[in-house]
Amino acid sequence: MYKEILQSLQKKSVKLLAVSKTKSVTTIQKFYDKGQRDFGENRVQEMVEKHAQLPQDINWHLIGHLQRNKVKYIVQFVHLIHSVDSLRLAKKINEEASKINRTVDILVQIEISDEKTKFGWNYHDFIESKKELLDLENIRLVGFMGMAKNTTDEDIIREEFQEIKSHFKKFKSIINQSYFTELSIGMSSDYLIAVEEGATIVRIGSLIFGSL
Ligand SMILES: *Cc1c(COP(=O)(O)O)cnc(C)c1O
């Protein structure tokens, strides 16, 4: 399954982020040996432990909700934080990154589903804070992330992806920076729709690792 998915994504220049949460280091090493370098985790503690045990050239992506008091544990090595959903969190990442003279790449997680269980930053609220966020010198906003509603109704999912894509295009013209390129949308159940709607990164767990 991994090889087929990888090849179909490569044809469209979409990056496969292997979501390895709850998977063992042995399992992750097997995918590393097949050439996979980008892995996504949703818990800080788990990511820190795996980072210590696995090859150092892995790109670790934090995809889950991030608490400000945990930023310091990942700031040295994290490749991309997908889940920035407030100015307070962005400021904290900036503060920790500046202590170690690093610039950390982030995505803003835009709220696209009305499911209250999902985190995300309302686009219009984000726009109100954009100047303050863009002034932070030790973070670099490289794109948006979104999670569609957990539903089997493909029309709803597609509409939600179209909504974030339209925000993405609008904001790309506002920010006018060549590095603002990433749209992280799509998981196992909806990545095909996400690719059709312009994903540049898809976050796939159960489909490639099994749903254990
Ligand atoms: C778990 C998770 C995924 C992957 O989910 P699958 O259904 O296993 O592909 C993607 N994004 C986020 C934010 C997740 O927490």
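Ranked by solvent-accessible area (1.4 Å probe, protein heavy atoms only, all chains present), the residues Leu62, Leu87 order from largest to smallest as Leu87, Leu62. Dipole orientation for the chain: of the candidates Ser13, Val142, Tyr73, Tyr73 has the Cα lying most toward the positive pole (charges on Cβ; Lys, Arg +1; Asp, Glu -1).
Contact order, relative form, for the chain: 19 percent (alpha carbon pairs under 8 Å, 6 or more residues apart, mean separation divided by residue count).
Treating each Cα of the range 126-212 as one equal point scatterer and applying the Debye formula with no solvent, the log10 of I(q)/I(0) at q = 0.14, 0.15 Å⁻¹ comes out as -0.55, -0.62.
Of the accessible area of the range 145-189, computed with a 1.4 Å probe over protein heavy atoms only, carbon and sulfur atoms account for 44 percent.
Oblate is the label for the range 37-176, because a/c, from the alpha-carbon gyration tensor with a ≥ b ≥ c as root eigenvalues, is 1.5 or above and a/b does not exceed b/c. Residue order by solvent-accessible surface for Glu160, Glu137 is Glu137, Glu160, largest first, with ligands and nucleic acids left out and a 1.4 Å probe. Using a probe of 1.4 angstrom and keeping all protein chains present, the accessible surface of the chain works out to 51 square angstrom per residue. Considering helices alone, the calculated mean residue ellipticity of the chain at 222 nm is -12500 deg cm²/dmol, with DSSP H runs of length four and up weighted by -39500 (n - 2.57) and normalised per residue.
Checking the table Lys23/Lys99; Lys15/Lys130; Lys21/Lys99; Lys3/Lys169; Lys15/Lys169 against a 24 Å threshold on Cα-Cα, which pairs fail? As for pairs spanning more than 24 Å Cα to Cα, those are Lys23/Lys99; Lys15/Lys130; Lys21/Lys99; Lys3/Lys169. Against the criterion of solvent-accessible heavy-atom surface with a 1.4 angstrom probe, Phe126, Phe119 sort, most first, into Phe119, Phe126. Placing +1 on each Lys and Arg Cβ and -1 on each Asp and Glu Cβ, with no other charges, gives the chain a dipole about its Cα centre of roughly 660 debye. Comparing Asn176, Asn42, Asn138 in a Gaussian network model of the chain (Cα springs below 10 Å), the most mobile by mean-square fluctuation is Asn176.
The values are calculated or read from the model by the stated rules, or taken from the named source; none is laboratory data. Just so it is clear, the structure is predicted and the values come from calculations on it, not from any experiment. Heads up, the Cβs are rebuilt from the backbone with ideal geometry, glycines too, and the neighbour counts pull from every protein chain shown. Heavy atoms of the whole protein, side chains included, go into the accessibility calculation; ligands, DNA and RNA do not. Shrake-Rupley method; radii C 1.70, N 1.55, O 1.52, S 1.80 Å.
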